[in-house]
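Working notes, structure below.
What follows is calculated from the coordinates using simple rules that are stated; it is not laboratory data. The structure presented is a predicted model; accordingly, all values stated were derived computationally and were not measured. Here Cβ is always computed from backbone atoms with ideal geometry, including for glycine, and neighbour counts include all displayed protein chains.
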Amino acid sequence: MKAAVFQEANKPLTIEDVEVRDPVPGEVMVRTVCSGVCHSDLHFVDGSWALPMAAVLGHEAAGVVERVGDGVTYVEAGDHVIMSFKPFCGGCYYCLRGTPQLCSDQSLNLSMVSRLKWKGNPVLQFANVGSFSEFMVTTESGVVKIPKEMPMAEAALIGCGVMTGVGAALYTAQVPGGSIVAVVGCGGIGLNVIQGCEIAGASQIIAVDVVPEKLDMATRFGATHTINAKETNPVEAVLELTGGQGTEYAFEAIGNVDAARQVFDMVRPGGTAVIVGMMPMGSEISVPGPAFLQEKKMIGCMYGSARFREHMPKLVDMFLQGRLNLSSLVSERMPLADVNNAFELMKTGKVARSVLEISSV
Ligand SMILES: [Zn+2]
Ligand SMILES: [Zn+2]
């Protein structure tokens, strides 16, 4: 099969013939239809996070089940699925307490290196997905079944950015109706945090970014106010917009330690700063200690705290009812061979998401 292979940071991916092995018992093979190109993929391509190489990147995808291994009961050939980049075991401490996004089963991580081969050598299948390729093999818990009327590009985006962003508002922070919130960073994740807060019924949604086009998009996704952090100090501007009090919730959706400090400073006493962005390896976040006497909270977020088989179909339903905006997140559509262009476009900051159309339904 064709796959885009990542061999070295800051070098273009190359399209190669990669071998994928058949699904073993408990596994599923999926033909990739659409794959989003996410900022987390770029973090590896630009070297800010490291991976064993070579690797097939791509972790935000939807496709059609091609065939299943023995013992698989949840899906069958022909089913449409969203890929989950966090397969779960269902039996560990984290799964049993209802947090499969934190599953600790290491075998589900290790399996990433066993399924792909290029020039006779094993290739890492990033996050058990590796969707910059024509086929993906994952464990049964790495797919979520969706109805056939769900369009594939929009479905793919639920696999990472939408689930993470909307989930950060609905399931991680559990934003109550009427809340006053700020979102720092209005890329693929931040726009979804914004629409998650809108779905939750937030009364004031303040969007912060440095790119005017992104602030325009933020308004279309539900932001009630925008702040260009290039023109003004965003913390002071948020305080001003909230009568000097700060917000009840603030979300960091970039993966930048300075922005993390800003969201902490934006929340009022008792408020919650939610770190959604993927912080650089080795980074540390510094906040003023006395603020904890004001019961300020800073919490993390993994995959929007999603319970995959419950929450992803709910997002599909909301889209099909016209209550979740996915289509305007799809800024560009292109073939797999153009994956490097997708990264270039992302660096301009002017697109919400580029979607690779790898096969048709
Ligand atoms: Zn992602
Ligand atoms: Zn588990």
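Among Ile199, Ile285, Ile189, which one moves the most in a GNM of the chain with springs linking Cα atoms closer than 10 Å?
Taking springs between Cα atoms under 10 Å, the residue moving most is Ile285.
So if I average 1/r over every pair of distinct C-alpha atoms in the range 1-97 and take the inverse, what Kirkwood radius in Å does that give?
15.4
Using a 10 Å cut-off around each Cβ, can you sort Asp70, Asp265 from fewest to most neighbouring Cβ atoms?
Ranked by crowding around the Cβ, least crowded first: Asp70, Asp265.
Using modelled amide H (1.01 Å from N, peptide plane; none on Pro or chain starts), what sits under 5 Å from the amide H of Phe135, excluding residues fewer than 5 places away?
The answer is Thr32.
Rounded to the nearest 0.05, what FRET efficiency do Met53 and Ser104 give with R0 = 30 Å and r taken as the Cβ-Cβ distance? Could you check?
That gives a FRET efficiency of 0.70.
Amide H neighbours of Ile15 under 5 Å, at least 5 residues apart or on other chains, H built in the peptide plane: list them.
Counting only residues 5 or more places away or on other chains, the set is Val5.
Per residue of the range 330-340, in order, report the coupling 6.51 cos²θ - 1.76 cosθ + 1.60 (Karplus, θ = phi - 60°) as ³J(HN,Hα) in whole Hz, putting x for Gly and Pro.
Result, ordered by residue: 7, 7, 9, 10, 8, x, 3, 4, 9, 4, 5 Hz.
Residue by residue, what Karplus-based ³J(HN,Hα) values in Hz, rounded to whole numbers, does the range 272-284 have, using 6.51, -1.76 and 1.60 with θ = phi - 60° and x for Gly and Pro?
Along the range 272-284, the couplings run 10, 9, 10, 9, 9, x, 8, 6, x, 4, x, 6, 10 Hz.
Once the cut-off is 40 Å, how many percent of the Cα-Cα pairs in the chain end up in the long-distance tail?
Cα-Cα pairs in the chain separated by more than 40 Å: 11 percent.
Provide the per-residue ³J(HN,Hα) series for the range 62-68, in order, calculated from phi with Karplus coefficients 6.51, -1.76, 1.60 and θ = phi - 60°, each as a whole number of Hz, with x at glycine and proline positions.
9, x, 10, 4, 8, 7, 10
How big is the charge dipole of the chain about its Cα centre, in debye rounded to the nearest 20, if each Lys and Arg gets +1 on its Cβ and each Asp and Glu gets -1 on its Cβ?
Roughly 360 debye, rounded to the nearest 20.
Could you give the dipole magnitude of the range 227-345 about its Cα centre, charging the beta-carbon of Lys and Arg +1 and that of Asp and Glu -1, in debye to the nearest 20?
It comes to approximately 460 debye.
Could you check the spin-label model distance between Lys350 and Arg21? Points 7 Å from the Cα along Cα→Cβ, value in nm.
That separation, rounded to one decimal, is 4.6 nm.
Of the listed peptides 114-126, 306-318, what is their order by residue-averaged count of other C-beta atoms within 10 Å, with the highest listed first?
So the peptides 114-126, 306-318, ranked by packing, come out 306-318, 114-126.
When the helix-only estimate is applied to the chain (DSSP H runs of n ≥ 4, each -39,500 (n - 2.57), divided by the residue count), what is the mean residue ellipticity at 222 nm, nearest 500 deg cm²/dmol? Don't skip to the end; give the middle numbers.
On the way: 11 runs with 89 residues, N = 361.
Value at 222 nm, helices only, nearest 500: -6500 deg cm²/dmol.
Order of Ser35, Ser305 from fewest to most other C-beta atoms within 10 Å?
If I rank by nearby Cβ atoms, fewest first, I get Ser305, Ser35.
Suppose every K and R has +1 on its Cβ and every D and E has -1 on its Cβ; what is the size of the dipole of the range 306-357 about the Cα centre, in Debye to the nearest 20?
Numbers: 8 positive and 6 negative charges, 52 e Å.
It works out to roughly 240 debye.
Share of Cα-Cα pairs in the range 174-300 beyond 22 Å, in percent?
That fraction is 25 percent.
Remind me, relative contact order of the chain in percent, using alpha carbon pairs under 8 angstrom and six or more residues apart?
Relative contact order of the chain: 18 percent.
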